[in-house]
Amino acid sequence: MAKLLMIPGPINFDPEVIRALSKVTVSHVAPEFISIFGDTLRKLRQVFISEGQPFVIAGSGTLAMEMAATNVIQRGEKALVVNNGVFGARYSDIFKAHGIAVDEIQVEWGKAADPTEVREKLESDDYKVLTVTHVDTSTGIANDIEAIGNVVKDFDTIFIVDAVCSLAGQRLYHDKYHVDICFTGSQKALGVPPGLAILNFNQKALDAHAKLKHPVECFYTSIDNWLPIMQAYERGDPSYFGTPAVNLIYALHESVNQIVSEGMEARFARHEKLAEMMRKGLTEMDFKLVPEDGWAANTMSAVYHNGIADADFRGQLSQEGVIVAGGLGKLKGKIFRIGHMGAINANDVSATLNAIQRTLKMF
Ligand SMILES: Cc1ncc(COP(=O)(O)O)c(C=O)c1O
């Protein structure tokens with residue numbers, strides 16, 4: 001029997017999404033594909049909860065990080081990164097790789113960023129962009145994007161939110177929260193196999209791009225190349241820049257159809273309920289969560305081991321039919337991480353908790 005894949009992405013995918021992958025591949029300029037891609041882009045606005053411009057590009061979440069950054073900031077300008085985990089740190093590395101000066105607000109792992117500190121830092125210098133990881137997958141904390149957005153709206157700074165581990169799971173309203181660019185990877189709460197970078201730019205971000213002093217120093221990720229393509233797909237016109245991942249877009253279309261028919265509010269509520277069930281079950285077994293109280297994400301949980309060696313614990317749990325992930329960065333070997341996002345239900349959470357209980361009995 002297939003094991004339950006409970007890592008924070010890739011996740012267990014809905015069978016209809018997997019079936020969509022095996023449809024016959026057609027030309028990327030065939031009318032039926034143009035129609036599917038156009039419909040997917042329109043429905044992504046409902047997922048981002050935004051009037052902005054969605055982009056779907058072949059690549060992983062890291063490509064989306066780079067694409068968001070390089071289209072609105074260049075050498076000579078300064079970025080501010082909220083770093084409360086591995087993926088915040090990765091954003092600093094991306095800016096540095098492009099010769100962009102970067103300052104960090106370093107937040108203790110397991111804690112969420114303080115919006116007041118963000119305001120003080122934004123007042124202290126001229127930052128072109130601010131990046132915040134919504135759910136940092138290394139610690140399982142969820143930053144308060146609404147509160148930080150309420151700060152950033154008072155500045156010209158472009159607010160970039162890494163929603164790779166949150167979009168379509170953790171409550172997030174792109175426009176209402178004053179987010180300018182937001183992105184995800186297909187393999188997480190969006191529920192599509194790995195391979196797509198999905199972004200959304202609002203008008204402020206598109207305007208910032210248009211006002212850049214120099215041409216974007218990337219070719220594949222430049223929105224100068226992709227914007228006309230996304231617009232053509234929505235109009236229903238054939239167009240080409242780079243061959244889209246046709247079958248992954250079939251799968252994305254199936255998944256966004258499911259998400260939209262579930263409804264975003266119902267989806268957020270389901271994730272909240274299942275996350276609570278997972279946290280309650282874990283704490284009843286005396287596990288301690290990495291995030292401080294009140295800031296745990298609803299898409300995943302990061303949990304300290306009860307003194308059991310990481311490889312032994314996860315190895316035995318796998319024998320019990322459930323795969324969870326190990327720790328990242330400085331928490332490697334000290335914690336395990338459980339994904340609970342996408343097409344997940346209460347049976348999956350119960351099965352995971354029961355398997356953990358059986359595993360504990362072995363030590
Ligand atoms: C919050 C966050 N940002 C960025 C990434 C990078 O995404 P990818 O591994 O798809 O490149 C991940 C991956 O897990 C992530 O969790």
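The values are calculated or read from the model by the stated rules, or taken from the named source; none is laboratory data. Everything numeric here is computed off the predicted structure, so don't read it as measured data. Here the Cβ positions follow ideal geometry from the backbone for every residue, glycine too, while neighbour counts run over all protein chains shown.
Annotations for the structure displayed:
- Top-ranked residue in the range 168-212 [being part of a loop (DSSP other than H, G, I, E, B) and within 16 Å of ILE223 (Cα to Cα); ranked as nearest to the ligand (Cβ to nearest atom)]: ASP180
- Only one of the listed residues (ALA325, ALA343, ALA251) is among the aliphatic types (A, V, I, L, M), crowded, with 16+ Cβ neighbours inside 10 Å and assigned by TED's automatic domain parsing to the domain that holds THR25. That residue is ALA251.
- Condition met for VAL164 (in contact (Cβ under 8 Å) with a residue 12 or more places away in the chain, of a type outside the set (Gly, Ala, Ser) and either outside the structural domain of SER92 (by TED's automatic domain parsing) or assigned to a loop (DSSP other than H, G, I, E, B) (or both)): yes
- Count of the range 29-88 residues which are at positive phi and more than 16 Å from the ligand (Cβ to nearest atom): 2
- Residue list for the range 4-33, filter: over 30 Å from GLY315 (Cα atoms) and assigned to a loop (DSSP other than H, G, I, E, B): SER22, LYS23, VAL24, THR25, VAL26, SER27, HIS28, VAL29, ALA30
- Cβ pairs under 8 Å, 6+ apart, first in the range 1-12 and touching a residue at least 12 places away in the same chain (Cβ under 8 Å) and among the β-branched types (Val, Ile, Thr), second within 16 Å of the ligand (Cβ to nearest atom) and assigned to a strand (DSSP E or B): ILE7/ILE323; ILE7/ALA325; ILE7/ARG337; ILE7/ILE338; ILE7/GLY339; ILE11/LEU5; ILE11/GLY339
- Hits in the range 179-206 - residues which are under 21 Å from VAL151 (Cβ atoms) and either surrounded by fewer than 24 Cβ atoms within 10 Å (Cβ to Cβ) or of a type outside the set (Phe, Trp, Tyr) (or both): VAL179, ASP180, ILE181, CYS182, ASN200, ASN202, GLN203, LYS204, ALA205
- Screening the range 5-18 for residues that are away from the ligand (no atom under 16 Å from the Cβ) and touching a helix residue (DSSP H, G or I) at 6+ places or on another chain (Cβ under 6 Å) and picking the one that is nearest to SER301 (Cα to Cα) gives VAL17.
- Lone qualifier among ALA297, ALA309 - being among the hydrophobic types (A, V, I, L, M, F, W, C) and modelled with pLDDT of 95 or more: ALA297
- Among residues of the range 308-322, those that are touching a residue at least 60 places away in the same chain (Cβ under 8 Å) and either surrounded by fewer than 17 Cβ atoms within 10 Å (Cβ to Cβ) or at positive phi (or both), counted: 2
- Wholly enclosed helices (runs of 4 or more DSSP H) of the range 259-363 bearing at least 2 residues β-branched (Val, Ile, Thr) and in contact with a helix residue (DSSP H, G or I) (Cβ under 8 Å, 6 or more places away or on another chain): 346-361
- Qualifying residue in the range 129-142 (condition: without any contact (Cβ under 8 Å) to a residue 24 or more places away in the chain and either within 16 Å of the ligand (Cβ to nearest atom) or more than 22 Å from ARG337 (Cα to Cα) (or both)): no
- Count - residues of the range 145-167 that are of a type in the set (D, E, K, R) and either within 16 Å of the ligand (Cβ to nearest atom) or surrounded by 24 or more Cβ atoms within 10 Å (Cβ to Cβ) (or both): 1
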